[in-house]
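Just so you know, all these numbers are worked out from the coordinates, no wet-lab data involved. Please read all numbers here as calculations on a predicted model, not as lab measurements. Note that we place each Cβ from the backbone using ideal geometry, even for glycine, and neighbour counts take in every protein chain shown.
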Amino acid sequence: MYAEELAKTIDHTLLKADTTSPDVERLCREAGEYHFAAVCVFPHFVPLADSLLRGADVKVCSVISFPFGADSLRAKVVAAEEAVATGADEVDVVINLPAFLSGEFGHVRNELASVVRAVRMKAMNTGRGQVVVKAIIETCYLTTKMKRMACKICEQAGVDFVKTSTGCGPQGATVQDVELLRDCLDERISVKASGGIRTLHDVELMINAGAVRVGTSAGVAIMKDFLT
């Protein structure tokens, strides 16, 4: 793998409660230097990231209903539309985890599909082209059967990616979960691994298991390790 190929698997992520504007400015400088796939920031920072990365080969990604997915449908739709309108090229939306664990699978599917439709429509109306939607299923709370069900729901909702984790749960991505998601999903849907990915070895394991993107706050250290 070349450095450019490795960099384009990385979503350079900063989702800490104490994040400041200077932190996001640094994140964007680093992303531009290493040509990461995207920066992933809170909705509040999307306009800033968009202004800093305009013309760069780095996408702006934001999170929706993070980290529990328990907001109302209306709140999720408005947040997704605003993220796109203010500069997001990608959105990572958390499925309604409490509803899913309660067995309300139809509700989860319909809610996620509504968010996908809202993103597509807003992207079309604002001339942004295709905006990628990644659904976060938070695998650490799910049984194998539930993970398979979550993949089916995500397929039916029309997402572009299924993402393992928020990074806020008790466990992040595992090789076994990435392999399971890749096995369950249609080929048109990609897998993103996130949570606890801190080293070059971690990234290599996730890519070999079937992920095409990894979310990590350690992107710079990973690239430096690769380049030495």
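Worth pointing out:
- Every pair of residues 6+ apart whose Cβ atoms lie under 8 Å, when the first sits in the stretch 159-184 and is part of a loop (DSSP other than H, G, I, E, B) while the second is hydroxyl-bearing (S, T, Y) and surrounded by fewer than 19 Cβ atoms within 10 Å (Cβ to Cβ): G169/Y141
- Of the residues examined, C140 is not one that is touching a Leu at 6+ places or on another chain (Cβ under 9 Å) and either among the basic types (K, R) or closer than 22 Å to L14 by Cβ (or both).
- Scanning the stretch 95-144 for residues that are assigned to a loop (DSSP other than H, G, I, E, B) and either touching a Lys or Arg at 6+ places or on another chain (Cβ under 6 Å) or not small (G, A, S) (or both) yields I95, N96, E104, T126, R128, Q130, V131, I137, E138, L142, T143.
- Among the residues of the stretch 203-228, those that are closer than 19 Å to I136 by Cα and not basic (K, R) comprise V203, M206, I207, A209, G210, A211, V212, V214, G215, T216, S217.
- In the set (1) surrounded by fewer than 17 Cβ atoms within 10 Å (Cβ to Cβ); (2) under 17 Å from L97 (Cα atoms); (3) hydrophobic (A, V, I, L, M, F, W, C), M124 fails one condition alone, (2).
- Tally, over the stretch 1-16, of residues that are buried (at least 19 other Cβ atoms within 10 Å of the Cβ) and among the hydroxyl-bearing types (S, T, Y): 2
- Residues located in the stretch 154-174, provided they are buried (at least 24 other Cβ atoms within 10 Å of the Cβ) and either among the aromatic types (F, W, Y) or over 20 Å from L205 (Cβ atoms) (or both): C154, V159
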